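Colleague: Please find one structure pasted underneath; my questions will follow.
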Amino acid sequence: AEKIYFAQNAIGGILSPQDITLLRRGIQTLAVRMDRHQENALKLAKFLQDRDEVAKVYFPGIPGTRDYEIATAEVRGYGAMISFELRDDLDAIQFVNHLQLIHIAVSLGAVESLIELPATMTHAELSPEDQLKAGITPQLLRFSVGIEDANDLIEDLAQSLDQLSK
């Protein structure tokens, strides 16, 4: 017990056997999950770029951008986070409220697709002026692309964007 106490005191809390088992299991499938995340993100970024309702897509996997040049030189893959801005005449809150498969959440990075509005969620404490200085507009969305079927995700985004145009 003294040795365990010493280790906990010196290096912090120790994971339980169940937590270690879950961590090991997660690490074993991480590469496969990341492949699917990134594959989906590329498809969804291309889909969003082609939509008239979307003013700008921020994703390092878009050729011809500075982010693409940096990412291609430094990493393998482009991740699964996409930020995009809707046109100024569209309601971003209404957009996320119409999504059916993609869920609204502040915590991003799970296996399911999650989306958030930084202006009203993670950065709501900032004044509108400070948000704009940080590049956060009311139209900006952060999208953590999950491992669901890419066509299902595209269909969900499309139906929500279509409802904005009505």
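The values are calculated or read from the model by the stated rules, or taken from the named source; none is laboratory data. What you see is a predicted model, and the numbers here were worked out from it, not measured in a lab. When we count neighbours, we look across all protein chains shown, and the Cβ atoms used for this are built from the backbone with ideal geometry, even at glycine. These accessible areas exclude ligands, DNA and RNA; they are computed on the full protein's heavy atoms, side chains included. Shrake-Rupley method; radii C 1.70, N 1.55, O 1.52, S 1.80 Å.
Colleague: Which residue pairs have Cβ atoms under 7 Å apart, sit 6 or more places apart or on different chains, and have a first residue in the stretch 1-21 that is on the phi < 0 side of the Ramachandran plot and a second that is modelled with pLDDT of 85 or more and open to solvent by less than 100 Å² (accessible area, probe 1.4 Å)?
Modeller: Close Cβ pairs satisfying both conditions: LEU15/LEU23.
Colleague: If you scan the stretch 46-59, which residues turn out to be open to solvent by 40 Å² or more (accessible area, probe 1.4 Å) and either under 14 Å from the mean Cα position of the chain (by Cα) or modelled with pLDDT under 95 (or both)?
Modeller: TYR58
Colleague: Taking the stretch 155-166 on its own, how many of its residues are under 18 Å from the mean Cα position of the chain (by Cα) and open to solvent by 40 Å² or more (accessible area, probe 1.4 Å)?
Modeller: 1
Colleague: The conditions are (1) part of a loop (DSSP other than H, G, I, E, B); (2) within 15 Å of GLY146 (Cα to Cα); (3) basic (Lys, Arg), and LYS43 fails exactly one of them. Which is it?
Modeller: The single condition LYS43 does not satisfy is (1).
Colleague: Any chance you could count how many residues in the stretch 112-149 are among the hydrophobic types (A, V, I, L, M, F, W, C) and surrounded by 19 or more Cβ atoms within 10 Å (Cβ to Cβ)?
Modeller: Residues that pass the stated criteria total 10.
Colleague: A further question follows. Starting from the stretch 45-63, take each residue that is under 17 Å from GLY79 (Cβ atoms) and list its partners that are polar (S, T, N, Q) and assigned to a loop (DSSP other than H, G, I, E, B), counting only C-beta distances under 9 angstrom and pairs at least six apart or across chains.
Modeller: Going by the 9 Å Cβ cut-off, the qualifying pairs are TYR58/THR65; PHE59/THR65.
Quick grid of which residues meet (1) assigned to a helix (DSSP H, G or I); (2) under 18 Å from LYS46 (Cβ atoms); (3) in contact with a helix residue (DSSP H, G or I) (Cβ under 9 Å, 6 or more places away or on another chain); (4) of a type in the set (Lys, Arg):
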| site | (1), (2), (3), (4) |
| --- | --- |
| TYR68 | yes, yes, no, no |
| TYR78 | no, yes, yes, no |
| ILE82 | no, yes, yes, no |
| GLN94 | yes, no, yes, no |
| GLN100 | no, no, yes, no |
| VAL106 | no, no, no, no |
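Per-residue answers, yes or no, for (1) without any contact (Cβ under 8 Å) to a residue 24 or more places away in the chain; (2) within 17 Å of SER165 (Cβ to Cβ):
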| site | (1), (2) |
| --- | --- |
| ILE82 | no, no |
| GLU129 | yes, no |
| ILE136 | yes, no |
| GLN139 | no, yes |
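Colleague: Within the stretch 115-136, is there a residue that is in a loop (DSSP other than H, G, I, E, B) and touching a Gly at 6+ places or on another chain (Cβ under 8 Å)?
Modeller: no
Colleague: Using the structure shown, decide if LYS43 is under 15 Å from the mean Cα position of the chain (by Cα), open to solvent by 70 Å² or more (accessible area, probe 1.4 Å) and not acidic (Asp, Glu).
Modeller: In short, yes.
Colleague: Scan the stretch 99-122 and report the pairs whose first residue is at pLDDT 90 or above and whose second residue is hydroxyl-bearing (Ser, Thr, Tyr), with Cβ atoms within less than 6 Å and a gap of 6+ or a chain change.
Modeller: Partner pairs satisfying both residue conditions: LEU99/SER160; ILE102/SER113; LEU114/SER144.
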